[in-house]
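What follows is a single structure, written as structure tokens, with notes after it.
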Amino acid sequence: MPARLWDDPDAFAATLRALPVRRPGVPRGVFLVAPADFRLAGESASDNAYMQMAQTVDAQRAAAQHQALASALARAGIPTHIFPGDPDTPDAVFPNNVFATAPGRLIVGAMRHAVRQREADRADIRAWFRDLLGYRQIDLSAQPLVAELTGSLVIDRARGIGYCGLSERCDRAGAAAMARAFDLDHVLVFELATGEYHTNVVMSALAGRGLLLCPDGFADAAVAAALARLDGSVVIDGEEKAGYVGNCIALGERGLWMSACALGALRSATRRAIEAHGLAIHSVELDELEKAGGSLRCMIGEVY
């Protein structure tokens, strides 16, 4: 059955309440792309207000922080593969926008900016999934649409549903293409607030236990209100969002991963709400990499 795209958040919420948990809510492994000659790409900054273009960047410190993230994931028992960086794509440390998976499938995104489009051409990442894991490829990169994968589309894998925020980084055709590629049953489509570029900075799926979301990130307050009313929803404020609390990811049996910056921005009430879902918070220092306008979740490619 083809995925249904919803514009009515209340009708979507009513449908969601009847959906059972029927798939794993977290990936079986992750992959990262290491920074190489890390620096900020001005092209990406044109629609990413989180980028700190006035800051200097320490490439060695960025590399050390990235390695610390990989080591922390490995120590937690999460299978982790690291692809080497490429100096031609200096800020390509956010692979989840470009490469994503569903069981047996590698999905390649359609990136808005040329500097990110070059990432989609990487033959080694494509070959790793095709030749080593036997995944078939669904390539959106040459289609007449914009679809920045799990940056724009937050997926509740446990129920096979998605939340797609439209912006310069994703159009409606891209939302429909991603719904098909990920084999989702239902996708809520909505506009992000002015100044927001990716949905995964505004909200996160908590391994089938609920949603974490910031109402300020939605253009339509009614959409945010409908999602906030769902069972298990955790609402964060604008300061937490600015600190990348929304850019968290559930990994492993009971882990919720975020950056040290996000942990510092976390209100005690938010922390209690997360822990009430049975999730333990893990954090890693990533402030040097966050200068590029993304945080921990953006650095995690998922293997399903």
**Asked** Ranked highest first by the average count of other Cβ atoms within 10 Å around their residues, in what order do 18-30, 59-71 fall?
**Response** 59-71, 18-30
**Request:** Kyte-Doolittle cut-off -1.0, length cut-off 20 Å along the helix's own axis using Cα: show which whole DSSP H helices in the chain pass.
**Result:** 59-75
**Fill in**
antiparallel share of DSSP beta bridges within the chain, to nearest 5, in %, is 45 percent
**Request:** Using amide H atoms built 1.01 Å from N in the peptide plane, name the residues 5+ places from Ala250, or on other chains, whose amide H lies under 5 Å from its own.
**Result:** Ala207, Trp257
**Message:** Compute for region 4-303: radius of gyration divided by Kirkwood radius, i.e. Rg/Rh, restricted to C-alpha atoms, rounded to two decimals.
**Reply:** 0.92
**Request:** Can you put Trp128, Trp6, Trp257 in order of Cβ neighbours within 10 angstrom, beginning with the fewest?
**Result:** Trp128, Trp6, Trp257
**Message:** Take Ala11 and Ala64, extend 7 Å from each Cα along the Cα→Cβ direction, and tell me the distance between the two endpoints in nm.
**Reply:** 5.5 nm
**Request:** Could you size up the charge dipole of region 4-303 around its Cα centre, putting +1 on the beta carbon of Lys and Arg and -1 on that of Asp and Glu, and report it in debye to the nearest 20?
**Result:** 1040 debye
**Fill in**
The exposure ranking of Cys170, Cys164, fewest beta-carbon neighbours within 10 Å first, is Cys164, Cys170
**Residues with amide H under 5 Å from that of Ala193, placed H, sequence gap 5 or more** = Phe218, Ala219
**Request:** With a/c under 1.5 counting as rounded, go ahead and sort region 208-282 into rounded, prolate or oblate using the C-alpha gyration tensor (a ≥ b ≥ c being the square roots of the eigenvalues; past the cut-off, prolate if a/b is larger than b/c, else oblate).
**Result:** oblate
**Asked** Taking Cα centroids, how far is region 248-270 from region 118-168 in Å?
**Response** 24 Å
**Prompt:** So who's got an amide H within less than 5 Å of the one on Leu296, skipping anything under 5 residues away but keeping other chains? H placed 1.01 Å off N, in plane.
**Reply:** Ser259
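No lab work stands behind these numbers, since they all come straight from the coordinates. As the structure is a prediction and not an experimental result, all values here were calculated from the model. Glycine gets a Cβ as well: all are built from the backbone with ideal geometry, and neighbour counts include every protein chain shown.
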